[in-house]
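Have a look at the structure below before the remarks.
The values are calculated or read from the model by the stated rules, or taken from the named source; none is laboratory data. Predicted model, so just to flag it, every value in this text is computed and none were measured. All Cβ positions, glycine included, derive from the backbone under ideal geometry; neighbour counts span all protein chains shown.
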Amino acid sequence: MGKINFDVVYANAYVRESVEVTTEQLARKFPALASCQDDIRQELWIYIAKAVDQYDPERGGSLETFFRNVIEKRSFNVRRHLIATIGSPALQSSIDTEDNFPACSKNEIRLLELRMDLAVVMERLTPIQRQICQWIMDGVTMKAIARRLKIPYSSLFHFYIEDIRNEFQREKMEKYLENL
């Protein structure tokens with residue numbers, strides 16, 4: 001097995017960019033973590049340092065792919081920790097460095113992330129915009145929503161749907177706008 005050292009990984013621009021992007025994404029999804037970005041970044045680098053000995057270039061995987069997967073795994077663990085603490089009065093600012101979380105599949109984690117992303121968007125919406133989203137999820141047609149609001153169909157789009165779309169786009173969740 002061809003060994004690499006941490007300096008090679010740390011100097012890799014793709015790995016460094018992955019750490020930065022992941023840190024920013026976590027801080028954006030969890031505003032309470034904005035002041036903890038250095039801690040998140042350090043947590044990811046510690047996990048990468050621990051994984052250096054596991055990288056085997058002879059297995060055919062690139063260094064970038066291997067460490068992107070390492071970062072993703074640690075990011076899942078950080079998110080699990082946040083999901084577990086999300087109901088507490090204050091989100092803990094320290095990140096548990098142990099991998100002692102209950103087993104969750106990647107699909108379960110992605111579903112939880114989607115729910116958290118939606119919660120971030122929904123939090124930014126006005127009460128009427130949230131109600132419109134709820135009606136859409138319940139299968140109510142746009143014409144029926146306009147009737148419920150007692151506004152013209154065109155006004156629904158101009159005054160409400162446009163703003164809802166903008167919030168989803170701001171969170172890079174355009175793929176969930178198919179019904180709008």
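The sole residue among A11, A34 that is within 16 Å of E64 (Cβ to Cβ) and exposed (fewer than 14 other Cβ atoms within 10 Å of the Cβ) is A11.
Residues in segment 55-70 that are touching a residue at least 12 places away in the same chain (Cβ under 8 Å) and more than 25 Å from the chain's Cα centre (by Cα): Y55, D56, P57, E58.
Go through segment 137-166 and report how many residues are closer than 27 Å to R28 by Cα and at pLDDT 85 or above. Summing the residues that are closer than 27 Å to R28 by Cα and at pLDDT 85 or above in segment 137-166 gives 8. Exactly one residue out of E43, E58 is assigned to a helix (DSSP H, G or I) and closer than 29 Å to V121 by Cα, and it is E43. Consider R59 carefully, then state whether it is under 23 Å from E171 (Cα atoms), modelled with pLDDT under 85 and not assigned by TED's automatic domain parsing to the domain that holds L118. It is false that R59 is under 23 Å from E171 (Cα atoms), modelled with pLDDT under 85 and not assigned by TED's automatic domain parsing to the domain that holds L118.
Just to be sure, is V19 of a type outside the set (K, R), touching a Lys or Arg at 6+ places or on another chain (Cβ under 7 Å), closer than 29 Å to K172 by Cα and assigned to a helix (DSSP H, G or I)? Judged against the criteria, V19 is a match.
The residue that is modelled with the highest pLDDT, among those in segment 80-102 that are in contact with a Leu (Cβ under 7 Å, 6 or more places away or on another chain) and under 22 Å from V21 (Cα atoms), is L82. Being outside the structural domain of I40 (by TED's automatic domain parsing), over 19 Å from R28 (Cβ atoms), at pLDDT 85 or above and not in a helix (DSSP H, G or I), is that true of even one residue in segment 111-132? Yes: one or more hits.
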